[in-house]
Amino acid sequence: MRTQYVVRRNVKNSYLVRQHDRRRRRELGLVLMAVLPVAAGMLGYVWVNLELVHVGYEVDRLEKVLRQEEQTNRELEVEAAYLASPQQIRVRATNELGMVPANLDRLVFREDGQ
């Protein structure tokens with residue numbers, strides 16, 4: 001848009017040099033020194049709480065595994081007691097191994113002199 005009131009001129013800023021504002025840098029440094037420890041503390045707090053939750057879940061999982069293992073142990077103890085009973089040993093010896101009760105006529109006695 002070109003009107004009689006708008007005149008475009010090329011601006012040459014090559015001779016301008018930007019100066020650093022020392023007061024602004026100092027303020028920024030003070031703000032960072034005040035904010036960074038608070039932010040670090042908050043991050044540490046969040047991290048500790050997340051670890052606490054993670055450890056809580058791990059403890060729950062391990063307690064569940066422990067209950068399952070205890071149940072399995074009880075079942076195995078009952079099965080071992082059943083299999084170790086004299087009646088069960090007698091049944092398994094006759095059925096699986098083909099053993100029979102001993103007869104007196106099949107016994108061989110040894111004399112002490114030999």
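The values are calculated or read from the model by the stated rules, or taken from the named source; none is laboratory data. These numbers were taken from a predicted model, which means no experiment stands behind them. Cβ placement follows ideal geometry from the backbone for every residue including glycine, while neighbour counts extend to all protein chains displayed.
Couple of notes before you dig in:
- Cβ pairs under 8 Å, 6+ apart, first in the range 96-108 and under 23 Å from LEU83 (Cβ atoms) and free of Cβ contacts under 8 Å to residues at least 60 places away in the same chain, second of a type in the set (A, V, I, L, M, F, W, C) and part of a loop (DSSP other than H, G, I, E, B): none
- Filter result (modelled with pLDDT of 90 or more and either small (Gly, Ala, Ser) or exposed (fewer than 10 other Cβ atoms within 10 Å of the Cβ) (or both)) within the range 5-26: ARG23, ARG24
- Hey, GLY29 in a loop (DSSP other than H, G, I, E, B) and modelled with pLDDT under 95 or not: no
Residues checked against (1) part of a helix (DSSP H, G or I); (2) of a type outside the set (D, E, K, R); (3) at pLDDT 85 or above:
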{"residue": "THR3", "(1), (2), (3)": "no, yes, no"}
{"residue": "LEU36", "(1), (2), (3)": "yes, yes, yes"}
{"residue": "ALA39", "(1), (2), (3)": "yes, yes, yes"}
{"residue": "ASP60", "(1), (2), (3)": "yes, no, yes"}
{"residue": "ALA81", "(1), (2), (3)": "yes, yes, yes"}
{"residue": "ARG90", "(1), (2), (3)": "yes, no, yes"}
{"residue": "ALA93", "(1), (2), (3)": "yes, yes, yes"}
{"residue": "MET99", "(1), (2), (3)": "no, yes, yes"}
{"residue": "VAL108", "(1), (2), (3)": "no, yes, no"}
